[in-house]
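Data block below; observations after.
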Amino acid sequence: MATKYTFTDSERQSIEKACKQVRDPWTLRRLKVLWFRALGKSYPQITREVGYSPSQITRLIRDYQEYGLDAFIAMPHTGKRKYATHKSNFTPERVAELKHRYKTATTKGEARRFKVLLLRSEGYTLKDCALKAGITEAHTFRLVRAYRQNGISAILEKPCNRASKIRNAFEGLTEQQRAELQNIQETVTDELAVTRLKIIQLRAEHKNYKQIMEATGASKPLVSRVLRRYVELGLQAVLEDGRTTRHYRK
């Protein structure tokens, strides 16, 4: 389960220095998201400061975590993000292993995943990799990211859809996490936050979506978003969700 990212003193100093040196307004605006978050500001506060939505803030922080400050600054200002191939992820030894795995793959799906990585190692863009492998660009991005983070083991694992991840995460909740949910409900007074916490608590009690919707009056999209946010980003992200729109069933 995702936890709140904590910036070190060294990271804060590097981000502050970058903010002073960068001249491009777009890059500076993105760096300010990191700087304000490093200072401990909440998502709603950062939204008011720079104008990015909570989901955009989450994505920017995730990009920083995955690619580092230098790559974060170098990302091009385009309508669609394009990531440069990280050569460190495709050393000659790793490429040789990928080729071997591709030749000895036991299923078409496994072979396709290794083909994507081999194409990426040759410098093809995510879009070109997707076209040549016959999968979506989003799927291609997830494969490359999984390989970068966890290596070959992530590619060999059986793909798990989002619903399964949420179900598995709630089945694996510890007693400490359950106690945290119970204790924080006694201190939260905001109506929307209370609804979000109730959704999480009911799911922790193994209630299905229909039961949660009936108990809270929330729509299915809201229930899904709250549970996904909790699993991927943690409890604090749910509480700091800056959205104010109420998704209640009619």
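The values are calculated or read from the model by the stated rules, or taken from the named source; none is laboratory data. Because the structure is a prediction, the values reported are computed rather than measured. Cβ: placed from backbone, ideal geometry, glycine included. Neighbour counts: every protein chain shown. Remember, those area values only see protein heavy atoms, side chains included, never the ligands or the DNA or RNA. Shrake-Rupley method; radii C 1.70, N 1.55, O 1.52, S 1.80 Å.
When the pairs Lys32/Lys132; Lys103/Lys165; Lys41/Lys207; Lys99/Lys127 are compared against a 26 Å limit on Cα-Cα distance, Lys32/Lys132; Lys103/Lys165; Lys41/Lys207 fall above it. Available extension along the chain between Ile152 and Thr174 is 5.0 nm, counting 0.36 nm per residue and deducting the alpha carbon span. Relative to one another, the C-alpha centroids of the stretch 41-55 and the stretch 200-218 are positioned 29 Å apart.
Computed over protein heavy atoms with a 1.4 Å probe, the accessible surface of the chain works out to 59 Å² per residue. Shown is the FRET efficiency for Val188 and Val22, computed with R0 = 30 Å from the Cβ-Cβ distance and rounded to the nearest 0.05: 0.20.
Think of it as helices only: each DSSP H run of n ≥ 4 in the chain is worth -39500 (n - 2.57), and spread over all residues that comes to -21000 deg cm²/dmol at 222 nm. Take each peptide in 225-231, 36-42, count the other Cβ atoms within 10 Å of every residue, and average; sorted highest first, the result is 225-231, 36-42. Rolling a 1.4 angstrom probe over the chain with all protein chains present gives an accessible area of which 49% lies on carbon and sulfur atoms. When the alpha carbon gyration tensor of the chain is reduced to an equivalent ellipsoid, the three semi-axes, largest first, read 34, 27, 16 Å.
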